[in-house]
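Below: the structure, in structure tokens.
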Amino acid sequence: NLNEVVVIGSCMIDFVGYAPRLPKPGETIHGTEFVTNFGGKGANQCVAAAKLGINASLIARVGDDSWGEKYISNLIKNEVDTSYVFKTEGERTGIAQICVSEDGENQIVIIAGANKRLSIEDIEEASECIKTAKVLILQLETSVDVAVAAMRLCQGVSILNGAPFTTEYDHSLLELPTIFCVNEHEASQFTQLPVTNKMEAETAASKLISLGCRSVLITLGQDGAVYAEKRTGNIFYVETPKVESVDSTGAGDAFIGALAYLLVRRKELPIEEMVQNACIVAADSVTRKGTQPSFPDEQILEKLGI
Ligand code: RIB
Ligand code: NA
């Protein structure tokens, strides 16, 4: 099947400055290095899955500037199917301004550009591809309406990464996905509860279930992840291996890409083991700079022993 994993989402050019620490509001500090990378949560998640060896297809919009061309070449290099990566006349490719501190923390501002033009019509054009996907992945760097329309077409498993947080949604955004996946910050925003540790994450996950989610995954960075499921009442916590954090940008994307891979190719595994292994893949990506280039390839599957 050519459509194992289908991702609907963003392509961004990441402008990354590395600095000893994140600046405070109004403050100027000296950085140490500047790089441009291919990023955006949608493309990152798609590349993360593709690098593990799955057939992955991206539905997205880039601009008609030179970055758009370059982005499509990058996707092809990573063996992503770009049949539905559209160029957008008169729009710029999305960009992300990123600061990464020495301890691997980051801060991101995105200017969505062409990503905002991904439309319901685009979803209709790609409907066959969406309907036949085993796993469909979505985020909120493109419009909420697009995510909702696509989830309605989905006949497989859908993973909605509720990032970045938005207030512009109704209950269907939480009810439609098979798995609603957020980090600690977004979990806090969606529930209006503090989420700073495992216990608070479990409380937030239960609240998201009561708000309509079928299952919830909250990633806690170095502290692992919490999973909760409505149907079975199952709730569990997994730890993540301790690693030297070099750059945590895109770790959540590596996690989702790996989870999608496992849901398709290792579907006999219990969900707990899938989440555990996705944490290992994400932790591995944190030990290298950047997003897509730092995501592990198929060789890591041997290390996972699955
Ligand atoms: O999740 C990381 C990504 O978020 C970056 O690549 C940046 O483009 C932002 O979209
Ligand atoms: Na990384």
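The values are calculated or read from the model by the stated rules, or taken from the named source; none is laboratory data. For clarity, every value in this text was computed on a predicted model and none was experimentally measured. When we count neighbours, we look across all protein chains shown, and the Cβ atoms used for this are built from the backbone with ideal geometry, even at glycine. Ligands, DNA and RNA are excluded from the accessible area calculation, which covers all protein heavy atoms including side chains. Shrake-Rupley method; radii C 1.70, N 1.55, O 1.52, S 1.80 Å.
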Region 25-86: equivalent-ellipsoid semi-axes (sqrt of 5 x gyration tensor eigenvalues, Cα, Å): 27, 15, 11
Local electrostatic count at F165 - Lys and Arg +1, Asp and Glu -1, tallied over other residues with Cβ under 12 Å: -4
Apportionment of accessible area to carbon and sulfur, the chain, percent (1.4 Å): 50
Percent RCO, i.e. relative contact order, over the chain, from Cα pairs under 8 Å lying at least 6 residues apart: 17
Shape call, the chain: gyration tensor on alpha carbons, a/c limit 1.5: rounded
Highest-fluctuation residue, A228, A48, A254 considered, GNM on the chain with Cα pairs under 10 Å: A228
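Give the accessible surface of the chain per residue, rounded to a whole number of Å², with probe radius 1.4 Å and ligands, DNA and RNA excluded.
Solvent-accessible surface per residue comes out at 44 Å².
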Cβ-Cβ FRET estimate between D145 and E102, R0 fixed at 35 Å, reported to 0.05: 0.30
Built amide H within the under 5 Å cut-off of N183, gap 5+: T219
Antiparallel DSSP beta bridges within the chain, percent to nearest 5: 40
Inter-probe distance in nm under a simple model that places probes 7 Å from Cα toward Cβ, at K131 and R21: 5.6
Region 67-132 - Rg over Rh from alpha carbon coordinates, Kirkwood radius: 1.06
Mean Kyte hydropathy of 0.5 or more with a Cα span along the axis of at least 24 Å, helices from DSSP in the chain: none
Tensor-based shape of region 171-279 (alpha-carbon gyration tensor, a/c under 1.5 rounded, otherwise prolate or oblate): oblate
Relative contact order (%) - region 65-133, alpha-carbon pairs under 8 angstrom, separation at least six: 24
Cα gyration tensor shape of region 84-199, rounded if a/c is under 1.5, else prolate or oblate by comparing a/b with b/c: oblate
Residues H30 and H171, FRET efficiency given R0 of 35 Å [Cβ-Cβ distance, rounded to 0.05]: 0.15
Percent of Cα pairs exceeding the 21 Å cut-off, where the set is region 13-140: 46
Relative contact order %, region 197-238, counting alpha carbon pairs below 8 Å whose residues are six or more apart: 35
Over the chain: helical MRE at 222 nm, DSSP H runs n ≥ 4 each giving -39500 (n - 2.57), nearest 500: -10000 deg cm²/dmol
Alpha carbon centroid spacing (whole Å) that separates region 158-179 from region 135-153: 8
